[in-house]
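The values are calculated or read from the model by the stated rules, or taken from the named source; none is laboratory data. All of these numbers come straight from a predicted model, not from anything done at the bench. All Cβ positions, glycine included, derive from the backbone under ideal geometry; neighbour counts span all protein chains shown. Keep in mind that these areas ignore ligands, DNA and RNA; they rest on the heavy atoms of the full protein, side chains included. Shrake-Rupley method; radii C 1.70, N 1.55, O 1.52, S 1.80 Å.
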There are 4 protein chains.
Amino acid sequence: MPTSRFRSDEPALDSFYFELSDKQLQPLWELHGLLTPTPRVRAIPYRWCADDLAKLGRRAGDLVPIDRGGDRRVLAMANPGLGGAPFISSTLWAAVQYLQPHESAPAHRHTPAALRFVLDGEGVYTLVNGDPIAMARGDLVLTPSWTFHEHHNPGDMPMMWLDVLDLPVVAALDAVFFEPGGDSEADRTEIPRSTAERRWGAGAGLSPVGTPDLPPHSPLLVYRWKDTDAALDNLLEVEDTNDVTVRFQDPSRDRDVMPTMRCEMRRVNPGTTTRRERQTGTRVTAVLDGSGTVVLDGESFDLSPGDVFVVPSWCTHQLHARTRLDLFTTSDSPVLEALHLHRSEEVDS
Amino acid sequence: MPTSRFRSDEPALDSFYFELSDKQLQPLWELHGLLTPTPRVRAIPYRWCADDLAKLGRRAGDLVPIDRGGDRRVLAMANPGLGGAPFISSTLWAAVQYLQPHESAPAHRHTPAALRFVLDGEGVYTLVNGDPIAMARGDLVLTPSWTFHEHHNPGDMPMMWLDVLDLPVVAALDAVFFEPGGDSEADRTEIPRSTAERRWGAGAGLSPVGTPDLPPHSPLLVYRWKDTDAALDNLLEVEDTNDVTVRFQDPSRDRDVMPTMRCEMRRVNPGTTTRRERQTGTRVTAVLDGSGTVVLDGESFDLSPGDVFVVPSWCTHQLHARTRLDLFTTSDSPVLEALHLHRSEEVDS
Amino acid sequence: MPTSRFRSDEPALDSFYFELSDKQLQPLWELHGLLTPTPRVRAIPYRWCADDLAKLGRRAGDLVPIDRGGDRRVLAMANPGLGGAPFISSTLWAAVQYLQPHESAPAHRHTPAALRFVLDGEGVYTLVNGDPIAMARGDLVLTPSWTFHEHHNPGDMPMMWLDVLDLPVVAALDAVFFEPGGDSEADRTEIPRSTAERRWGAGAGLSPVGTPDLPPHSPLLVYRWKDTDAALDNLLEVEDTNDVTVRFQDPSRDRDVMPTMRCEMRRVNPGTTTRRERQTGTRVTAVLDGSGTVVLDGESFDLSPGDVFVVPSWCTHQLHARTRLDLFTTSDSPVLEALHLHRSEEVDS
Amino acid sequence: MPTSRFRSDEPALDSFYFELSDKQLQPLWELHGLLTPTPRVRAIPYRWCADDLAKLGRRAGDLVPIDRGGDRRVLAMANPGLGGAPFISSTLWAAVQYLQPHESAPAHRHTPAALRFVLDGEGVYTLVNGDPIAMARGDLVLTPSWTFHEHHNPGDMPMMWLDVLDLPVVAALDAVFFEPGGDSEADRTEIPRSTAERRWGAGAGLSPVGTPDLPPHSPLLVYRWKDTDAALDNLLEVEDTNDVTVRFQDPSRDRDVMPTMRCEMRRVNPGTTTRRERQTGTRVTAVLDGSGTVVLDGESFDLSPGDVFVVPSWCTHQLHARTRLDLFTTSDSPVLEALHLHRSEEVDS
């Protein structure tokens, strides 16, 4: 006998609800919370502290072999509002990944896109479709949708970095595909400059002619801190502001680095308080350098190097820089914009 | 004291899991089913029969006043695989809406976009941002994201139609906004041709010069069955096939009618069996006319006029037309394509 | 011994000029008129009268066989300012073409694009890459760049129409290619609806799925007067103005019908005087119906059905409609816009 | 009495031709050479020798004051096929410009776009809309359409560079506008890095957020030789070829640096003979370094540093590098491509 989640004191209606249930139908007038004045966001503003991430990363390195499962030694930031789901928001996955010396994480590919941002250390290299990319502090490394990737730590020091994926979006769209790679290569000791950088990284506005067809993501797979740092300094020189941002873009086209994730680096001068604003979509921010405060929907969080915080959709956010703040932010804005669901506004204090 | 959903027989690991949980972190190696070889789709293939929809629509009309809640008398098709969620798949909402004679559904707007497809009857008109659109069998009517809309039935016959919304996508992206409208207008007895049609509907390739700025959706808000029917006949004449499809497009640009939903009308000649194929993303199909069979992941469903069926992501589908089939299909393909997550393939029988 | 077009009274300079000339160099300081405050336009505003065109077309029909040369019996409008060049302006070619009963103009193709606008009569059909297109009053027919085309008059009445080509632009870019066609087909007596119309002409926003790749021009090769006329009427109903314009567009994309020529139809209500304006680029206008006046750089020209006039670049123009004016205009605006050389402004009276 | 350029031995026709002439019409069948199988190109392949350009530039510097006329001390390369017109082809203007120590060329702007390529020397700076750009060997400097520009030589050495403009195209389209600037600034002794470079030149794929609206041309106004040189070296490392090319692009978008001109730098290894090819449109090439040969429509020209040669439309060209050749080429390809008139092919030897 069918049961229904809808009940009524009126017998005719109650019987009708059972019949609806039997035919896989539901009465809209008994459904609530579907169309809300502003987004009903389950994820809450939250900050993960650098010390906790570092300490627990090391513990994972000691306790858990890399091949225990999932091919990766990864600690996922689970937003307390999501009821135990391993996501930092309804649209993004964020995690720290830890590699011991002489370990490697084997090759695979998946439709969810990933980025790696290095908050500290160096020594690991990532192979993206076979192109080796050395990773160091401040570098942004892309492993876009459906590219094979593996991580190697040929050195004598462990290394940890931040991973962000669009996995919840791809899962919500029922579009997750996964494929294990073949045998991973043996560790290299010399990591050459990546082919991607030699083709696309020579300088602004210099494009190779006659190279392979462009993929749907940036053909440049790594953005080096030296360049980003210089770009921020240059902008502070020429713009009349204490708060500048550089966007990482596909150098071959007017697009974000990947179809689903925007990446930006922001530099806020000491003593500066930024505009109070909010927008649709999730922002995940990592502190590369500096200290200060972020206020998220009225709650204040102290910031130190290595901290990671999440700004859920439509949550107001405002920064105060005690020392010069360098912040890496990734967001799902390209998704919101592509679907014309992007809204943003400044919020009065 | 924190609890953890992860447990281990090894005391050190168990204690580590508690600590992770305390810091809102989760161990990837204990998470399963995140990255699957092919999409793990919870929605199942399913068909709602015209008779059930008609009968239960009428029952709702008799039992439930229009103002009971949600502003609309709507029966939502709840996919049996989704555990009680009122969605036809993880990305689309589909429902039948029923208006009694001389009833109206009041004005509101929301960021989820909606379309209305009329499987039978006539007499209702919809106001979209104040522009009146008479609705009749075979017509496709758009109420795009954030446009005010209200429905009026000034006649003496009830009317029912199919509603499809991208609500689950917009909700998953934490981007639902809703606003009630002002007072709805009184019923009109004369429904003029819509301004949208007079600006944009005169003929293929004729664009008004000097009209208002274009919205992010089609400025043409209704596609009339007479035109669609003729287009399908014309295509069958000039193409060497028994299976033709017309896509409803924004006449001002090379785009789908709305950023999140594709709409198509397909005509399959009697006796024809179509290619067996699958793709990422959900397809919702309504039978306007004809009879036949659809096979969804190996399961066969009979089709009659007014039936509605769902093809979840990566589900193989194949049609057989007993009589000439006219099928309206809407899908989330624009979303998958915008994010470069679209895959499709022909599947060997 | 080299000669130079530059001379100087100073012997050293004179000798230098000779040396420059010997090395194929020229001194900028002796060149004048290269960079002028506003465009130095050699073409002048001009109008060709319908009566002259009709009478001389008939005379050509009587005197000159179709195969005398150039494959076409065409009278080119030669702008009096261009020193004998057979062009209506520095960028466009305009002409009338005349076909006697049972004559045909053989197949060929060329990179210059052409359009045909029928000011009067009917009976001729044009084959574009083999697709037959019947031509009648008010119809716009495209024979885009590098499409084979031939004209047939199977009927008993002569017919004349307006041809406009982008020939001067293509010639200035050293990009003219020409190829004669194979044997032309025999006259047909029944002209079916063109394949192009059956694929693309069913209605606004209805696009065939699965048809051949799109060419760089509109896949719809003819725009029928019935549709254009209705579109203008509709616009006059919904817009608060006495002066409406419909642009002919590629129905598959947001583009002009061809990469080099814009086509528009304008309807001006009786008694209306339009804005006085000017823009870069040439406009060629033909009067389909109505009478009135056009003022071009201060000079007034009476307008009657069948008249053709040219508005050269940066020439001010203003219309006055005595009766309802229907005007077809083609321009090189897509060229100016693609190269970001388009300027337009309203000019105070 | 009207005269006609067309005559006939048949009195009726002769009289008809007079009448046509009187009405500003011309008979197509008497016009020849309008539609040719391949482009009828008046410009011929030609090379200007570095020594001649240097010697005559110096002579101009000695003989002609900067303010003699045209605001610039410029020697225009006049293609011998163009009957005395001061253009290097029907679409491009090319010239050398010479500034004595402590001279400056005053500010003005014009719709024709210009580029400056430095074949030797340094010391001059150009102000583009007030932004100072120091110029040195191998640098490409843009002064796009309608940007104010002035040149200053604050140093003690004269300097000469190559100018290329799209002037013939803009003139053919009747779209030349010119405006003198205000007072030029006094010479600076310190030339800072340009604002354009500090905003857009930090590195590949790093875009400033929140800067002024983008112009229709590259916001980066100079491409430095150090970067170009490195890009070519990198490409030679990763591509399996002896012949690599870098295109200068708008770093903010997938476009050429300006809407009308493409710029490329090519490096050909010693001993390499390139493919023999041709395309529509003009190419102007300057030898930055190296020696070799270019064969243009079968005629061989020796190449030395500082030489400039022109490849007219549809002229076959093939290079042989004796030593490593570094070649700067600019072309009107964006124009041909925008209008879908671009053709290219490899030509069998």
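Amide hydrogen proximity for residue B:249: with H placed 1.01 Å from N in the peptide plane, the residues at 5 or more positions away or on another chain lying under 5 Å are C:206, C:207. The mean count of C-beta atoms from other chains within 10 Å of the C-beta of residues in D:262-268, rounded to a whole number, is 1.
Only protein heavy atoms count here; under a 1.4 Å probe, residue A:104 has an accessible surface of about 40 Å².
In region C:46-346, Cα pairs under 8 Å separated by at least six residues give a relative contact order of 17 percent. Rolling a 1.4 Å probe across all protein chains gives residue C:255 an accessible area of roughly 100 Å².
Counts of other chain beta carbons within 10 angstrom of each beta carbon in peptide D:16-22 average 3.
Measuring between their Cα centroids, region A:1-44 and region B:210-282 lie 33 Å from each other. Only lysine pairs 8 or more places apart or on separate chains count here, and in the protein assembly as shown those with Cα atoms under 20 Å apart total 6.
Going 7 Å from the Cα of residue A:54 along its beta-carbon direction, which residues of region A:137-168 have the amide nitrogen within less than 17 Å of the resulting point? Residues A:137-138, A:157-162 fall inside that zone. Only helical runs count toward this figure. For chain D, summing -39,500 (n - 2.57) over DSSP H runs of n ≥ 4 and dividing by all residues gives -5000 deg cm²/dmol at 222 nm. Expressed as a whole percent, the accessible surface of region C:46-346 that belongs to carbon and sulfur atoms is 45, based on a 1.4 Å probe.
When peptides A:139-152, A:229-242, D:118-131 are ranked by their average number of other Cβ atoms within 10 Å per residue, the highest-first order is A:139-152, D:118-131, A:229-242. Compute the helix-to-body angle for C:225-238: its Cα long axis versus the longest principal axis of chain C, expressed 0 to 90° and rounded to tens. Helix C:225-238 sits at roughly 80 degrees to that axis.
Compared with the dominant Cα axis of chain C, that is its longest principal axis, helix C:11-22 is turned about 40°.
Mean per-residue shielding of peptide C:339-349 is 5, counting Cβ atoms of other chains within 10 Å of each Cβ.
For region B:24-34, putting each phi into the Karplus relation 6.51 cos²θ - 1.76 cosθ + 1.60 with θ = phi - 60° gives couplings of 6, 10, 9, x, 4, 5, 9, 9, 10, x, 6 Hz, in residue order, rounded to whole numbers and with x for Gly and Pro. Relative to the longest principal axis of the Cα atoms of chain C, the long axis of helix C:50-63 lies at roughly 80 degrees.
Taking a Cβ cut-off of under 13 Å around residue B:270, the surrounding Lys, Arg, Asp and Glu residues balance to a net charge of 0, with basic ones at +1 and acidic ones at -1. Couplings for region B:296-305, taken from phi via the Karplus curve 6.51 cos²θ - 1.76 cosθ + 1.60 with θ = phi - 60°, read 10, 6, x, 9, 9, 10, 6, 10, 10, x Hz in order; Gly and Pro are left as x.
In the context of the full set of protein chains, region C:46-346 has a per residue accessible area of 33 Å² (1.4 Å probe). Once backbone amide H atoms are built at 1.01 Å from N, residue D:161 has D:97 as its partners under 5 Å, excluding neighbours fewer than 5 places away on the same chain.
Computed from point charges on the beta carbon alone (+1 for Lys and Arg, -1 for Asp and Glu), the dipole magnitude for the protein assembly as shown about its Cα centre is near 0 Debye. Using a Gaussian network model on chain B with a 10 Å cutoff between Cα atoms, which of B:39, B:219, B:312 fluctuates the most? Judging by the Gaussian network model, the answer is B:39. Distant-in-sequence amide contacts of residue A:137, defined by a placed amide H-H separation under 5 Å and a gap of 5 or more residues or a different chain, comprise A:121. Phi-derived couplings, Karplus 6.51 cos²θ - 1.76 cosθ + 1.60 at θ = phi - 60°, listed residue by residue for region C:211-217: 8, x, 4, 6, x, x, 10 Hz, with x used for Gly and Pro.
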